[in-house]
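The values are calculated or read from the model by the stated rules, or taken from the named source; none is laboratory data. A quick note: this is a predicted structure, and the numbers were derived from the prediction, not measured. Cβ coordinates were reconstructed from backbone atoms using ideal geometry, including for glycine residues, and neighbour counts include every protein chain displayed. Each accessible area value is taken on the protein alone, full model and side chains, heavy atoms only, with ligands, DNA and RNA left out. Shrake-Rupley method; radii C 1.70, N 1.55, O 1.52, S 1.80 Å.
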Amino acid sequence: MRDIRTPWRAIAAAFALNGILLGVWASRIPAIVQIHDLTPSSLGLLLLFMGCGALVSFPIAGRLTDSIGAVTVTRWIAVSYVLSMVLVALAPTPVWLAAALFVFGMHHGSMDVVMNTWATEVERQMGRSVMSSFHAMWSLGAGLGAGLGFFATTWGVSVPVHFIAAAMLASALFLPFLTIPWTSNTRPHDPDAPVFAIPHGALVLVGFIALAAATGEGAIADWSAVFLTDNVGTTEARATLGYTVFSVTMVAMRLVVDRLVTRFGPVAIARLSGISAATGILIAVTFMTLPAALLGFVLMGIGYAAVMPLAFSRAADDPDVPPGQAIASVATLGYGGLLMGPPLIGFIAEATSLRLAFALLAALAIGISVSAGVLVRRQR
């Protein structure tokens, strides 16, 4: 019998696992807010711990990947990442929750680095572009995790039971695929290499585009359910639909974006993406009804889906900076926005309102459209 655990399916499983765990967490944020009696600023501070954990993990994951190999590190982190989500559910106080989220963030960030590295190895062996399909699987996993949250809240399942059950289900579905035979590239670590690469020249604007898109994605993941419960007035169960429709839209868009870029070019797609995301945000914060908000999240999903891949593709083609260094510099800003944006939303919401904090994301989305000209593909 033919083994279904192919290299593509292994990477797809890793991306889906990473996404589903984040989706499960995002779907129960309102419940966790109630359990620990959190204010918007205290939730923002907790999310900051999660973001800091991820940022700390980036150089550690990179060095382990270089010395041990991406496939081995991905397997290790996948198992411990599942366990780290259980720690979040069992945290008895906000202090312990902060520590658990720091660990959870470390696992999320480090797995993001190592599974993308493994993905490039598989893509190289396959001899064709498949990276967008992997990211689609991440979005699919995140949507599945949010969908599980909808059923858990509808049926009144407690957060610990929900997280433990989700961890067991995700492990059974995805971990077996990670055991395929694979040998990753290894290389000695360069002690003179910078820990965090910072973009310069034209890559500054490319990095801004990645930052703007990732900030929006991170804010929707962590704040969409809170926005729908506190501002739109939906039930906790219906509030999970926001991130669900956003993630499903991201999946659909990422499955077709390569063909759209080939036909219309990266600049046009980036400009339309920024306009779509900004329009979706403004619809959600203006009309303040569940149908309008869900339409807004669909437009945001359409808008944000293509931006990060376009930024990475432009970085790899930079004529002045080696591809690895260029991608690393853009990724630093991009993932920084993904992880540090949600805490910023919390602080702004505490000072003003969550509605205004969401509206500020529209300004960043417009910035994507304005800066899109920098995404013209360069020749080395």
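Side notes on the structure shown:
- Options 130, 71: the member that is in contact with a Ser or Thr (Cβ under 8 Å, 6 or more places away or on another chain) and open to solvent by less than 20 Å² (accessible area, probe 1.4 Å): 71
- In the range 172-193, the residues that are within 18 Å of residue 117 (Cα to Cα) and of a type in the set (Val, Ile, Thr) form Cβ pairs under 8 Å with partners that are part of a helix (DSSP H, G or I) and at pLDDT below 80, at six or more places apart or across chains, as follows: 186/66; 186/67.
- Looking across the range 168-183, the residues that are surrounded by fewer than 19 Cβ atoms within 10 Å (Cβ to Cβ) and either of a type outside the set (A, V, I, L, M, F, W, C) or part of a loop (DSSP other than H, G, I, E, B) (or both) come down to 171, 176, 179, 180, 181, 183.
- For beta carbons closer than 8 Å, sequence separation of 6+ or different chains, a first residue in the range 218-233 that is at negative phi and a second that is among the charged types (D, E, K, R) and assigned to a helix (DSSP H, G or I), the qualifying pairs are 225/236; 227/355; 228/238; 229/236; 231/355.
- When residue 146 is tested against (1) open to solvent by 40 Å² or more (accessible area, probe 1.4 Å); (2) closer than 28 Å to residue 305 by Cβ, just one condition goes unmet, and that condition is (1).
- Just so you know, in the range 260-271 the residues that are more than 21 Å from the chain's Cα centre (by Cα) and either part of a loop (DSSP other than H, G, I, E, B) or hydrophobic (A, V, I, L, M, F, W, C) (or both) include one that is surrounded by the fewest Cβ atoms within 10 Å (Cβ to Cβ), and it is 264.
- Failed criterion for residue 103 (all others in (1) open to solvent by 40 Å² or more (accessible area, probe 1.4 Å); (2) modelled with pLDDT under 90 hold): (2)
- Sole residue being in a helix (DSSP H, G or I), open to solvent by 20 Å² or more (accessible area, probe 1.4 Å) and at pLDDT 85 or above, chosen from 163, 246, 151, 227: 151
- Here residue 283 fulfils each of the conditions (1) in contact with a helix residue (DSSP H, G or I) (Cβ under 9 Å, 6 or more places away or on another chain); (2) more than 20 Å from residue 215 (Cβ to Cβ); (3) of a type in the set (Val, Ile, Thr) apart from (2).
- Residue check, residue 299 at negative phi and either open to solvent by 50 Å² or more (accessible area, probe 1.4 Å) or touching a Leu at 6+ places or on another chain (Cβ under 8 Å) (or both): no
- Exactly one residue among 315, 305, 292, 351 is touching a Pro at 6+ places or on another chain (Cβ under 8 Å) and either within 19 Å of residue 223 (Cβ to Cβ) or surrounded by 19 or more Cβ atoms within 10 Å (Cβ to Cβ) (or both), and that residue is 315.
- Any hit, the range 338-353, residues being at pLDDT below 85, in contact with a helix residue (DSSP H, G or I) (Cβ under 8 Å, 6 or more places away or on another chain) and in a loop (DSSP other than H, G, I, E, B): no
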